[in-house]
Structure formats: C-alpha cells, structure tokens
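Okay, structure first, notes after.
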Amino acid sequence: MLDPRIYRAAFVPVLFVLIIVAFSLENRPAPLRSDLVPAAFDGARAARMLTALSNEYPSRRPGSPGDQKLALRVAQELRAVLPKVAIRTRAVKDAKTVDGERDLVTVEATLPGSAPGAQVVLVAARDALAPRSSAALSGTAALIEIARVIALARPLRSVTFASVSGSTGGQAGIRQLAQQLQQPVDAIIVLGDLAGPVTTDQLVTGWASSAGAAPLVLSRTVATALRAETGLKAASPLARSELARFAWPVTIGQQGPPIADGIATVLLSASGELPPAGDAPVDSTQLQGFGRAALRSITALDQNPKISGASPSLDLVVTRKLLPPWAIRLLVAALLLPALLTAADGFARLRRERSPVARWIVWVLAAALPFALAAIFIRALGLFGALNATAPPAAPGSLPFTTAGIGAIVSALVIFALAFLVLRPVINRALTVSDSSPAPGAALAPPLIACLASAVVWAFNPYAAVLLILPANIWLLVGARELPLRRRWATFWILFSLLPILAVALVYLDQFSLSVPGLLWFIFLSLAGGTPPLLIAVGWCVACGAAAAALLHTARRAGAPDQAITVRGPVSYAGPGSLGGVDSARRR
C-alpha cells in the first residue's frame with residue numbers, strides 16, 4: 001500500500017530547509033528608551049485616589065450601578081486634571097459579560113500632541129467580580145495620575161486615556177474602544193493590577209485573542225521601563241509557550257482583542273494575565289514603581305519613531321533570536337511533505353487495485369460526528385444564553401461550577417455517547433464497514449484525513465499544523481501493511497503522536513494556574529463562548545475523529561500480530577516446492 005522509497009526521499013528537502021531556517025534567525029529589536037525620569041508621578045497621591053475609589057464603589061460588577069457611578073467619577077477626575085480636553089462618554093449596548101448582556105460605559109479623553117502622528121492609548125478597567133478588589137482598581141488610580149502628569153508635559157504625540165468595563169469576561173469595552181479610536185494608534189498600554197502582590201514573572205503580557213502576539217519592540221520597551229523603575233525583570237515567553245499560544249490562541253487579558261485587530265497592545269500587571277485576588281493587599285510603593293514604569297513607557301513611545309512591525313506578530317523567540325513566521329511555515333511544510341506524498345501515493349495504489357477508499361473516509365467522518373455534535377451543542381448553550389460564556393473567555397474561577405454547568409456537561413456527554421454508540425454503528429452498517437476490517441482502506445483513511453487536515457491548517461496557521469506533524473507521519477507508518485506491528489505497539493505509537501496536544505494543555509495548566517478539572521471546565525466555557533470559532537472547532541473534531549478511528553482500528557483489527565513472527569522469508573516466497581526442485585513438484 002505504501003512505498004517506503006517515496007517516504008525516505010521526501011525527507012531529503014528537510015535537510016536543506018533546516019539550513020535555511022538556521023540562517024533566517026534575526027536579532028531581537030532593541031527596546032525604545034526615554035531619557036526623562038518620570039519622578040512627577042506621585043505614588044502617594046495615586047494611593048489616596050485608589051483608597052477613595054475602592055471605599056466609595058466597593059461593588060463594581062460589569063454594568064452594575066456601582067460600575068456606572070464609578071465611570072462618572074472617573075470622568076469627573078479626568079476633567080479636573082485635563083481641564084481643556086473634552087471628556088467623552090460612550091455606551092456599549094448589550095455587551096456580553098459574565099453576568100449576561102449588560103450596558104457598559106467607556107470614558108475617553110484625548111490630549112492633543114504638539115506634532116502630528118499616531119497616538120498612544122492608555123487603558124484601565126474599572127470592573128471586578130469580588131467586592132472592593134482594590135488591586136484590580138489600581139490601574140484606574142494610576143491612569144488618573146498619569147493623565148495629570150502628561151497634561152503638564154505637552155507630549156509630541158496625542159495621548160488618549162480610557163476607562164473601560166467588561167474586563168472580567170468578553171472584553172467588550174476595550175474591543176469597542178479599539179474599533180472607534182478616531183486617529184491612527186501607535187500602541188495601547190493596558191494598566192492592570194499595579195499595586196497588588198507580584199504573583200508571576202510574566203509582568204508584561206502580549207498574547208492576542210487570535211494567533212500571534214504584540215510586537216516584541218513594544219513588549220521590551222515596557223519591560224525595560226519596568227525594570228528601570230522597580231528592578232523587576234519581566235520574563236520573556238519561552239519558545240514552547242509561544243508555540244502553544246500560537247497553535248491554540250486563547251487569552252483572558254484585555255490586550256487580546258486590540259492585537260487581533262492589528263493594534264500593538266500590551267498588558268502591564270503584577271498578577272500577569274490573571275486578575276488579582278479580590279482580597280489582595282495593595283502597596284503604595286509598588287503602585288508608584290509600576291505607575292512610573294507606565295509613564296516612562298509612554299515617554300519612550302512619544303520620543304521615538306512609530307513602532308514598526310506587524311501586529312499580531314508571529315515571530316518565535318529562540319535563544320534570544322527571532323525566527324520569522326515564513327521560516328516556521330517552510331519547516332512545517334517540509335516535515336509534512338513525506339506523509340502527504342506517501343499518503344497520496346497509497347491512495348493512488350488502492351485506486352489502481354480497485355480497493356474502496358471513499359467508504360473508509362466516511363467511516364472516519366462518522367467517528368468525528370460525536371465530537372462535532374457535542375461541540376455544536378456546547379456552542380448552542382452559549383448562543384441561547386444557557387451559559388454566560390464570553391469570547392474571549394472569562395478568567396478561570398470567574399464562572400463557578402454550578403448545577404447548570406453540571407447539567408450542561410452531562411447533556412453534552414449524553415449526546416456524544418448516543419452519537420458514538422448508536423449513530424456511528426448505524427452509519428457503519430450502511431457503509432458495510434467495521435472497525436476490525438483488515439481492508440487496506442481502513443488503515444489508510446485516518447492518516448489520509450490527518451494529512452489533508454494538516455495541509456488545510458498549515459495554510460491558515462502553521463503553528464497549529466505543528467500539532468499534526470506526528471499524527472500524519474506516525475499513523476501512516478502504523479497503518480502500513482508493509483510494517484506490521486503488534487496491537488499494543490501500534491496503540492502506543494498512536495497515543496505517542498498526541499503528545500504535542502498534551503504539551504499545549506500543560507502550558508495552559510501552568511499559565512492559568514488550573515487543575516485538570518478546571519482546565520476541562522475552562523475549555524467547555526471557551527467552546528460555549530465561541531473560542532475557537534465553531535468552524536475551527538468542527539475542524540479539530542474531524543482530527544479527533546481520525547485519532548479515534550485509528551485507535552479503534554488498531555485495537556480491533558482482525559489478524560493483528562499479537563505473537564512474535566519467528567519465520568521470515570521473501571514477500572513473494574510461496575512456500576516449499578513453489579519453485580520446483582523437490583519431489584512433490586516434479587512431473588510424475
């Protein structure tokens with residue numbers, strides 16, 4: 001069925017591609033710097049403002065009366081420090097939040113610059129789920145103090161100050177802000193928790209809600225300013241984290257939607273991408289350090305040329321070097337090429353032998369049907385309001401595991417079980433196929449689907465295609481009749497090919513501080529909210545169906561060699577006497 005010569009020959013280009021990739025490495029861009037010392041930022045004044053706001057507005061769930069009243073208070077404070085600037089208040093109608101659809105308010109003020117150019121935007125969120133949540137409100141206090149300082153400095157660029165809501169899930173406030181900003185935007189800096197305990201080394205976050213991240217020059221600019229003011233070093237993401245986040249892009253930070261819209265954005269927060277605890281203590285000294293770091297970042301952007309580079313960026317940081325996305329795309333294509341060519345040749349061989357293949361492709365799709373129906377049902381729960389799921393998803397723990405959640409999970413499992421145990425066998429009987437069939441088409445169909453899926457995924461997101469390199473190659477070799485394997489070894493190699501997907505799950509377990517049940521609930525809510533979009537989710541369901549079909553065929557196939565083969569000979573050797581030379585083969 002498979003020609004090993006084609007498979008081996010197709011690996012030759014990989015050597016040349018590796019050389020090209022090695023020479024494609026680039027130096028990281030240098031951060032932008034400012035010579036001005038941001039001593040005018042008064043941390044004590046910002047701390048007093050933080051105390052006053054958190055005491056007056058302890059309840060600030062998105063769209064609540066407390067959130068609405070705080071928006072008016074922020075507008076009043078901005079009007080006091082920016083007396084010559086018009087303060088705009090915009091309504092965000094029927095925004096998706098963790099409390100359902102709510103009307104949110106965005107407060108916006110733009111300080112004109114003395115020279116034309118793209119503006120810099122400073123954003124802070126007001127809403128919080130837990131009462132008081134002083135640490136979550138520290139960005140708003142810093143925003144008001146920075147506005148007071150910059151108003152006295154007469155910047156070259158225009159600077160926009162914005163107070164938004166909806167950061168606890170859905171990011172409706174900052175999404176609408178990014179879409180309605182009047183003039184070109186150079187960068188957005190989001191102020192998160194600036195006064196709470198430092199709980200991570202990822203103090204500057206630039207993940208997008210789509211594949212990609214903020215331009216590295218912006219992330220390094222803010223990280224350099226933070227280190228200069230506080231001595232804290234914001235760690236750069238590791239290559240494995242970037243691969244996982246680019247392959248399966250999910251973020252819970254406010255920086256995600258603007259980056260997906262093409263605006264360079266970073267989140268500066270002591271708690272990283274996760275929100276601070278509701279009872280987290282605040283430190284005025286730390287508020288001063290982080291506030292001055294934000295101010296230094298703004299002056300660095302103001303004094304330097306516009307940030308260059310695409311946003312979202314798909315550059316991969318490898319050993320302090322940048323690997324451009326075209327090199328990743330070329331390398332992934334080279335690693336998928338052997339499986340694609342060999343699977344195509346195997347398909348052509350079976351067609352010449354008039355061995356059926358189409359029915360086995362439908363057999364694989366029938367195995368994917370339970371996954372797809374469950375995914376569609378989960379998304380319907382979010383669309384019809386059965387779950388208050390949002391996109392981007394809310395932070396883990398924001399939507400607790402309730403009775404409604406248990407019912408939704410049980411319903412999804414029932415739909416999956418009925419489709420797998422009832423609907424799939426009906427389809428198989430109609431096709432006259434079975435999981436235990438020794439037909440060569442049954443062995444070829446799962447890797448063929450994996451190869452086709454990897455080619456489609458590669459065209460849109462080469463980082464996601466990385467997850468399919470091992471399945472496309474290993475399933476092809478496991479199903480080859482020229483390389484018979486024992487059942488347990490074939491099953492082992494199929495499971496081994498799924499390790500990249502497990503690695504992605506481990507990255508999110510670590511970065512979102514989740515348990516395994518917490519990760520499953522987070523994935524459930526993400527699917528309900530539309531992350532990833534339903535079409536992409538169904539595509540991954542097809543890949544899951546191919547994996548299930550490969551495992552079922554391996555475990556149940558008839559004639560699978562459970563015993564070691566002790567007698568070997570040429571493939572065409574038919575046994576003693578077939579070539580003559582023995583008494584039984586001579587003419588009598």
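Every read-out reported here was derived from the displayed coordinates using simple, explicitly stated rules and does not represent laboratory data. Quick caveat: nothing in here was measured; it's all calculated off a predicted structure. Note that we place each Cβ from the backbone using ideal geometry, even for glycine, and neighbour counts take in every protein chain shown.
Values as computed for the structure displayed
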item	result
Distance in nm between pseudo-label sites at Arg8 and Thr402 (7 Å out along the Cβ direction from Cα)	6.3
Under Karplus coefficients 6.51, -1.76 and 1.60, residue-wise ³J(HN,Hα) of region 97-112 in Hz, glycine/proline x	9, 5, 9, x, 7, 9, 8, 10, 10, 10, 9, 9, 9, 10, 8, x
Cα-centred dipole magnitude for region 340-556, charges only on beta-carbon of K, R (+1) and D, E (-1), debye, nearest 20	720
Alpha carbon convex hull of region 101-145, projected area averaged over orientations, nm²	4.8
Computed P(r) (all Cα pairs; region 340-556; 10 Å bins; percent)	8, 30, 34, 20, 7, 1
Distance in nm between pseudo-label sites at Leu535 and Glu56 (7 Å out along the Cβ direction from Cα)	4.8
Angle in degrees between helix 440-460 and the longest Cα principal axis of the chain, rounded to the nearest 10	30
Whole-Hz ³J(HN,Hα) from phi, Karplus 6.51 cos²θ - 1.76 cosθ + 1.60, for region 8-23, glycine and proline x	5, 5, 6, 7, 4, x, 4, 4, 5, 5, 4, 5, 4, 5, 4, 8
Packing-based order for 365-373, 546-554, using average beta carbon neighbours within 10 Å, highest first	546-554, 365-373
Footprinting exposure proxy for Arg292, Arg351, Arg486 (fewest neighbouring C-beta atoms within 10 Å first)	Arg351, Arg486, Arg292
Neighbour-count order for Ser398, Ser297, Ser526, fewest beta carbons within 10 angstrom listed first	Ser398, Ser526, Ser297
Region 456-533: mean projected area of Cα convex hull, nm²	6.9
Dipole of region 32-318, positive end: most advanced residue of Ile150, Leu316, Leu70 [Cβ charges, Cα centre]	Ile150
Residue order, fewest to most surrounding Cβ atoms within 10 angstrom, among Thr168, Thr319	Thr319, Thr168
Hypothetical label at Gln180: residues of region 257-279 whose amide nitrogen lies under 19 Å (7 Å Cα-Cβ projection)	257-259, 261-263
Contour excess over end-to-end distance, with Cα ends at Ala555 and Phe16 and 0.36 nm allotted per residue	190.2 nm
Angle in degrees between helix 134-153 and the longest Cα principal axis of the chain, rounded to the nearest 10	60
In degrees, nearest ten, helix 487-496 long axis to first principal axis of the chain (Cα)	20
